[in-house]
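What follows is one structure encoded as structure tokens, with my remarks underneath.
The values are calculated or read from the model by the stated rules, or taken from the named source; none is laboratory data. All of these numbers come straight from a predicted model, not from anything done at the bench. Every residue, glycine among them, receives a Cβ derived from its backbone with ideal geometry; neighbour counts consider all protein chains shown.
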Amino acid sequence: MPIRSLIRTIPDYPKPGIMFRDIMTLLQDPEGLRIAIAQLIEPFTDMKIDKVAGIEARGFIIGGLVARDLNAGFVAIRKKGKLPFETVGRDYELEYGTDRVEIHTDAIDKGEKILLIDDLLATGGTAMAGLELIEAVGGDVVGTAFIIDLPDLGGSKKIRDAGHTVHTLVEYEGD
């Protein structure tokens, strides 16, 4: 079953000219979800991964499943002000301004092997902020994985140029 066939495209969302790639249809399909998680973890099954870090919000869903299947813990990378304990944060650029993600200061022990997960990689701003947070609290990033890559927007190149592995399941050119 091709994963691409389970991803819905919504034209002109959230604004005209954007082709929104919606993984909710993939998540609703039990077999598709199982296959997607298996494909996401495939390159990492022989590695020692201590924790999977998922980026809010869809990264929580797939990150939790990946963590379970890798027998690893889960770390939440959240939007500003959503975590109740002491945090460290990073700002990142959006098309229309800036945003901020945060992580608990005690979420990762120094030297733990971390896999970063999210649903979609576009410009790489959020993912790069997440990688910086993991490293700021002492984590050792062993790779990144995304269901969707929009390579023309440069995020995968940005992450690779920063020295990290990028694993994706589906690419949409021109988006």
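Summary table below
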quantity	calculated
Of residues in the stretch 162-173 being more than 18 Å from Leu115 (Cβ to Cβ) and free of Cβ contacts under 8 Å to residues at least 40 places away in the same chain, the one surrounded by the fewest Cβ atoms within 10 Å (Cβ to Cβ)	Glu173
Residue list for the stretch 126-153, filter: of a type in the set (Gly, Ala, Ser) and closer than 24 Å to Arg8 by Cβ	Ala127, Ala145
Sole residue being out of contact with any Phe, Trp or Tyr (no Cβ under 7 Å at 6 or more places or on another chain), outside any loop (DSSP other than H, G, I, E, B), among the aromatic types (Phe, Trp, Tyr) and farther than 23 Å from Asp22 by Cβ, chosen from Phe74, Phe60	Phe74
Output for the stretch 97-138, where each listed residue is modelled with pLDDT of 95 or more and of a type in the set (S, T, N, Q)	Thr105, Thr126
Criterion: touching a Pro at 6+ places or on another chain (Cβ under 7 Å) and either within 21 Å of Thr165 (Cβ to Cβ) or not aromatic (Phe, Trp, Tyr) (or both) - qualifying residue of Met47, Met19, Met24	Met19
Test for Arg90: is it under 16 Å from the mean Cα position of the chain (by Cα), part of a strand (DSSP E or B) and basic (Lys, Arg)	yes
Members of the stretch 1-29 that are outside any strand (DSSP E or B), surrounded by 15 or more Cβ atoms within 10 Å (Cβ to Cβ) and touching an Asp or Glu at 6+ places or on another chain (Cβ under 8 Å)	Leu6, Ile7, Ile23
Failed criterion for Lys79 (all others in (1) farther than 30 Å from Arg4 by Cβ; (2) in contact (Cβ under 8 Å) with a residue 12 or more places away in the chain hold)	(1)
Count - residues of the stretch 30-41 that are over 15 Å from Ala67 (Cβ atoms) and surrounded by fewer than 16 Cβ atoms within 10 Å (Cβ to Cβ)	3
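Table: residues versus (1) without any contact (Cβ under 8 Å) to a residue 40 or more places away in the chain; (2) in contact with a His (Cβ under 8 Å, 6 or more places away or on another chain); (3) part of a strand (DSSP E or B).
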residue	(1), (2), (3)
Arg100	yes, no, yes
Ile114	no, no, yes
Asp119	no, no, yes
Thr123	yes, no, no
Met128	yes, no, no
Val142	no, no, yes
Ser156	yes, no, no
Arg160	yes, no, no
